[in-house]
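To start, the structure under review is shown below, and the notes come after it.
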Amino acid sequence: MQTPIVSLNLLPLEDKKRLGHERMSRFFKLSLSITAGIFFIGDILLLPSFFFLYFEHKGLVQQDVLLERNTQTERAQTVEARIKEINAKLKRFPKEHELTASSVTRFVADISDSMRAGIILKSFTYQKEEGNISIRGSAARRDNLLAFISQLRENPAFKNVESPVANLLLEELIEFDIHISLIEKNEKK
């Protein structure tokens with residue numbers, strides 16, 4: 001039969017406590033080292049996944065940009081097709097009703113340049129025979145409308161800009177009509 005091994009600790013009580021603290025300290029240091037090692041090895045093993053996801057994200061962002069450009073191109077093609085359709089319809093009109101594109105475009109551009117924030121145009125009517133333009137729209141505030149009218153009056157291509165008093169009765173949310181007489185070709189120098 002075997003005799004049991006008996007160990008006796010003959011150290012004083014203070015040394016026993018210090019030895020216990022030392023064992024706990026070494027245990028925690030070893031545990032932290034093992035944990036840090038596991039995290040370090042995990043980080044190294046996750047690097048391929050990180051690079052894969054990084055480049056995948058970069059590719060998706062590029063695809064998003066290309067898709068946005070493609071959408072804008074499709075919109076431009078739709079608008080271009082609509083313009084061609086309108087031009088085809090305009091060609092059906094007799095020659096006597098034909099408008100000179102440059103003059104009408106210039107008038108529209110002049111009116112558009114005169115617009116300020118808070119002005120929305122709802123209709124634009126050009127009467128070639130009378131040399132008049134009528135515009136309808138809405139203004140958020142009276143001072144926006146007054147600034148728009150003064151810009152139109154300063155334009156040398158417009159002989160007379162008429163705005164009825166009814167346009168100025170309200171302070172906000174104004175529905176307006178403006179009539180513009182154009183300078184005739186023989187009046188220009």
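The values are calculated or read from the model by the stated rules, or taken from the named source; none is laboratory data. Because the structure is a prediction, the values reported are computed rather than measured. Positions of Cβ are generated from backbone atoms using ideal geometry, with glycine treated the same way; all protein chains shown enter the neighbour counts.
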Residues that are assigned to a strand (DSSP E or B) and over 16 Å from LEU182 (Cβ atoms), drawn from segment 135-167: ARG136, GLY137, SER138, ALA139, ALA140, ARG141
Scanning segment 168-185 residue by residue, those touching a residue at least 24 places away in the same chain (Cβ under 8 Å) and either part of a strand (DSSP E or B) or of a type in the set (Lys, Arg) (or both) turn out to be GLU172, LEU173, ILE174, GLU175, PHE176, ASP177, ILE178, HIS179, ILE180, SER181, LEU182
Name the one entry in ARG116, ARG106 that is surrounded by 11 or more Cβ atoms within 10 Å (Cβ to Cβ) and in a helix (DSSP H, G or I). ARG106
Given the conditions (1) modelled with pLDDT under 85; (2) loosely packed, with under 11 Cβ neighbours inside 10 Å, every one holds for GLU154 apart from (1)
